[in-house]
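One structure is given here, and the rest of the page talks about it.
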Amino acid sequence: MRSLISILDLSVEEIDQLVATGLDIIENPEKYAHKCEGKKLATLFFEPSTRTRLSFEAAMYELGGHVIGFSDAGSSSASKGESVADTVRVVSNYADIIAMRHPKEGAPLVASMKSTVPIINAGDGGHNHPTQTLADLLTIKREKGTFDNLTVGFCGDLKFGRTVHSLIDALTRYTGVKIVLISPDELKLPSYMKNALDKMDSISYVETTSLEDAMPSLDILYMTRVQKERFFNEADYIRLKDSYILTPEKLESAKSDMCILHPLPRVNEISVAVDDDPRACYFKQVFNGKIIRMALIMKLLGIN
Ligand code: CP
């Protein structure tokens, strides 16, 4: 039985296979309409979500399966003090696969040790979000055709942004990737991640506070929201929340084929005036997220 807790749980070959399945689902959706008949997905969301939970649910329905779950810890017995370990031992009796989001880093890993069905980490605190990374990778494949030799700028909250951490982990597997880390000093990529990158020959990175300086070199610009829910101090959030706002004017120095990604939700960091720019790919990411979650559910259930 396989769970997906970190994107590094998947080999490069497995990621390539998931992306290939995703591309086939887009071309031939009817082939997949009955793949999960008789199977149930449980979505256990202890933290708010729009895209991840609903795309998992839509994915399972489009595979012919069923969905149970909760979208709010307050409506589950967690509110009475039940542990994550006990919750998944119980839900393993009701579902064939579980997607879990939790505010505590490591909660899905704990769940995977107690569950008798596969656990998918749908976001754990400020740590990882591997299925968002699969959505990002499918989008990059469709837009750029490759994961190699790309210069990728990550802009905003690189400290708490779990989607950033997981996508950087994934990109370390490919050749010739250059990473540009664009953030205020207070929201830099955690040291444990930079220390790991320092030990790798396959990938290089630079840090800057200037989006304008970085812009001309980028093949991909990955914008992120400042993660209000992870701050201890509201004054710090208010001071940092508008550190970077992408506008059409700032894009004037960007490559004509640069791809703008954002895991969403967006607050203020991309002006809506950018949405009509052909380089804006963040709503394509949303569609690709549902597709790649279909491919992932099938893989973890052992369905070809
Ligand atoms: N990208 C993402 O995880 O969005 P949600 O928080 O809406 O699921």
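Derivation of every value follows stated rules applied to the coordinates shown; laboratory data play no part. This structure is a prediction, so every number in the text was calculated from the model and none was measured. Every residue, glycine as well, gets a Cβ built from its backbone with ideal geometry; the counts of neighbours run over all protein chains shown.
The relative contact order of the stretch 111-169, computed from alpha carbon pairs under 8 Å that lie at least 6 residues apart in sequence, is 40 percent.
Note that the stretch 23-39 has calculated 3J(HN,Hα) couplings of 5, 6, 4, 4, 6, 9, x, 5, 4, 9, 5, 10, 4, 10, 4, x, 9 Hz, one per residue in order, obtained from phi through the Karplus relation 6.51 cos²θ - 1.76 cosθ + 1.60 (θ = phi - 60°); glycine and proline are x. About its Cα centre, the dipole of the chain is roughly 800 debye, where the only charges are +1 on Lys and Arg Cβ and -1 on Asp and Glu Cβ. Since only MET200, PRO265, VAL226 are under comparison, the one whose Cα sits farthest along the positive direction of the charge dipole of the stretch 130-285, derived from C-beta charges on Lys, Arg, Asp and Glu, is MET200.
Pulled fully out, how much extra length does the chain show between THR172 and TYR61, if you take 0.36 nm times their separation in residues and subtract their Cα-Cα distance? If you can, show how the numbers build up before the last one.
Details: separation 111, 0.36 × 111 = 39.96 nm, distance 3.34 nm.
Stretched fully, the THR172-TYR61 segment lengthens by 36.6 nm.
As a size descriptor, the averaged projected area of the C-alpha convex hull of the chain was calculated at 15.3 nm². Exposed loop sites are taken as chymotrypsin sites (Phe, Trp or Tyr not before Pro) in a DSSP loop (any state but H, G, I, E or B) with at most 15 other beta carbon atoms within 10 Å; the longest stretch of the chain without one runs 95-231. In the stretch 130-285, the alpha-carbon atoms span a convex hull of 104 Å³ per residue.
Of all aspartates and glutamates in the structure, the ones whose alpha carbon falls short of 18 Å from that of LYS141, not counting any fewer than 8 places away in one chain, are GLU13, GLU14, ASP16, ASP24, GLU27, ASP169, ASP219, ASP257.
List the aspartates and glutamates whose alpha-carbon lies under 15 Å from that of LYS80, not counting same-chain residues fewer than 8 positions away? Partners found: ASP72.
Over 26 Å between C-alpha atoms is what I'm after, so list which of LYS178/LYS255; LYS159/LYS250; LYS104/LYS144; LYS114/LYS299; LYS228/LYS299 land there. Don't jump to the answer; show the numbers that get you there.
Numbers: LYS178/LYS255 16 Å; LYS159/LYS250 24 Å; LYS104/LYS144 34 Å; LYS114/LYS299 21 Å; LYS228/LYS299 34 Å.
In this structure, LYS104/LYS144; LYS228/LYS299 lie more than 26 Å apart at Cα.
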